[in-house]
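Undergrad: Take this structure first; my questions come after.
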Amino acid sequence: MISQRKREHPVRTEGEATSNDVAIALFVPSLVGGGAERVMVTLANGFAEQGWRVDLVVVVAAGAYLADVSPRVRLVELGASRMFFSLPALVRYLRRERPRVLLSALNYANVVALWANRLARVKTRLVVSQHNSVTRGMRSEPTIRSWLIPLLMRHSYPWASGIVAVSNGVAEDLARSLSLPRERIDVIYNPAVTERLRELSALSLAHPWLAPGEPPVILAVGRLTAQKDYPTLIHAFVALRAQRNARLVILGEGELRENLEAMVARLGMTDDIAFPGFVANPYAWMRQAKLFVLSSAWEGFGNVLAEAMACGTPVISTDCPSGPAEILENGTWGRLVPVADVEALRVAMCEELDGERRADVIQRAQHFGLEEALKAYLCVMQASSSDIPNAGYDAIEVRDETTDTH
């Protein structure tokens, strides 16, 4: 069954024939509102802006970041109902398009990409990127997945032409978990800071909590999952609120929304804690918030931390594995507190709200720019500007349709 979905950029189903010379393909399950998905869209747009012909290959063309894909990038939907069922379609794609490089992200997608590339028997250079800790990430998976996925990763990752981790902590965990030589893994920090971020952060945001004279707003951004440990943040805020006037806004969606809202209701804090859901432009919130807090139990990098710093907002983070301490240079650019420590987080928030002297977080955020990341990825891909084919898809006829998998 074919369903029509109008796009502002080229999109096609996996089976459509083309005469295109694809230089770089990026593979990710979907474009839901996660950090890895945002990074892949940012990289795809950045490569295309440089003149590369880019395919963004997804299992299902759905998610909050779909609208962010540049018209210069061709979106290819494999049309499978689940990640592992996409293997045959990805093999066909690789055999037909023969991209020079395929960059994949996330554990399941990396395993599928490695097997597809092996089965396709093409000369595509495959680079896998690791965006989170294997050890921590698998603890939250069902039992069979918690041992099966690392087993498949351990077997297939050595086939990769290149392996990228988004922080040194993730690289060390990956090498240890999969028995990989550490020198095989390159560390490339995520491209959290872009010109688009700067533009969006400058937009006005009409919300009564942000009006002049209102109490300071503490902001958190991320999926409502166990990894983000919002209960610790909520309890720390409740303790802070007993001492001073303030408000807490948590942007994001996820499976724990009902639980978190019920917790806030039990604590009698519904007038002071808000869950606006997923917001397409969190940067305007970041710029106007008094303080940004990352309360995670673990992270791969911590995109939102670097993004908030780029907006000029003071930050506090748990000293969780693996990215925040690297971003903040062990507390030079923002406060670090122990994981799941309610009192330490309360004290840090109180002191930060009262403080007058703050580090120039915008200066530090420049280390996590798009241009730096693109250059580093091209190095791992072994691609140079002389390899760039005629850019763009304007002359390619592409049907505006995708497979309906429901």
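Quick note: the coordinates plus some simple rules give every number you see, no bench work behind them. Please read all numbers here as calculations on a predicted model, not as lab measurements.
Undergrad: Which value, in Å to one decimal place, does the Kirkwood hydrodynamic radius take for the range 166-270 when every pair of different Cα atoms is included?
TA: This gives a value of 17.3 Å.
Undergrad: Among DSSP bridges having both ends in the chain, what percentage is antiparallel? Round to the nearest 5.
TA: The antiparallel proportion sits near 5 percent.
Undergrad: A further question on this structure: If you average the alpha carbon positions of the range 84-124 and of the range 228-269, how far apart do those two centres end up, in angstrom?
TA: 42 Å
Undergrad: Just the projected area, averaged over all directions, of the convex hull on the alpha carbon atoms of the chain: how many nm²?
TA: If you wrap the Cα atoms of the chain in a convex hull and average its projections, you get 19.9 nm².
Undergrad: To the nearest 500 deg cm²/dmol, what mean residue ellipticity at 222 nm is calculated for the chain from DSSP H runs of n ≥ 4 alone, each contributing -39,500 (n - 2.57), summed and divided by the residues?
TA: Estimated from H runs of four or more residues: -10500 deg cm²/dmol.
Undergrad: Here is a follow-up. Hull surface divided by four, with the convex hull built on the Cα atoms of the range 195-367: how many nm²?
TA: Working: hull surface 36.8 nm².
Averaged projected area of the range 195-367's Cα convex hull equals 9.2 nm².
Undergrad: Helix hunt in the chain: which complete DSSP H runs extend at least 30 Å axially by C-alpha with mean Kyte-Doolittle at least 1.0?
TA: Qualifying helices: none.
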